[in-house]
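Peer 1: My structure is below; once you've seen it, I'll send some questions.
Nothing in this text is a laboratory measurement; each read-out follows from the coordinates by a stated rule. From a predicted model like this one, the values you see are computed outputs, not experimental measurements. Here Cβ is always computed from backbone atoms with ideal geometry, including for glycine, and neighbour counts include all displayed protein chains.
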Amino acid sequence: MIVVGLTGGIGSGKTTVANFFKDLGVPVYFADEEAKKLMHTSKEIKQQLIAAFGKETFTNGNLNRSYLASIVFNDSSKLQKLNSIVHPEVAKHFLSWVQKQQAPYVIQENAILYENNTASNFDVIITVTSPIGEKIDRVVKRDGTTKKEVLARMNKQWDDEEKIALSDFVINNTNLKATRKQVLRIHKKLLSLSD
């Protein structure tokens, strides 16, 4: 089984692309979603987050995302601390998930695959790109945030050129019809590689 990493900067359309693969019957693991679930369900993660960021990290047993985001997106050492708590647990969870799959290949959708030094865990890497203006517009609309906040988050990620240089495939996500065609082409290629 081929293990594929699907990455791209914030607002590039990774989730849309991942869902196109899912529509083709490919098992897709959404790292960010799973990380959020684990932050709610793992006692170990909860204890470590409270120890690192204070009791306000959880309100009524629920993760206080805006509180945590306000801390980590303004301080790279705090973001590193958060990642060091959550990412090892996500990696373990992903490995056990992979073992349950029966498919020629599986995908992990992960925005910070290069930034968290996990690229070597994948056999193939696909990077999704979009023009910066489109990325900003998508995130502002999706998250109800400001352009300034989006740019602050973008600055914590590698730029597209760095990711593209290390990727096996690149999907330019500007037109959904064209994006779907690119997904289908890569899907066929991955199926042939897994034979």
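Peer 1: Would you check if LYS163 is touching a strand residue (DSSP E or B) at 6+ places or on another chain (Cβ under 8 Å) and part of a helix (DSSP H, G or I)?
Peer 2: It is true that LYS163 is touching a strand residue (DSSP E or B) at 6+ places or on another chain (Cβ under 8 Å) and part of a helix (DSSP H, G or I).
Peer 1: So, one more: Would you pick out the residues in the stretch 73-112 that are among the basic types (Lys, Arg) and surrounded by fewer than 17 Cβ atoms within 10 Å (Cβ to Cβ)? Break it down into steps so the answer makes sense when it comes.
Peer 2: Filtering the stretch 73-112 for residues among the basic types (Lys, Arg) gives 78, 81, 92, 100.
Within the stretch 73-112, LYS78, LYS92, LYS100 meet the criteria.
Peer 1: Under 7 Å between Cβ atoms, which residue pairs at least 6 apart in sequence (or on different chains) link something in the stretch 176-187 that is more than 10 Å from THR16 (Cβ to Cβ) with a partner that is assigned to a helix (DSSP H, G or I)?
Peer 2: HIS187/PHE21
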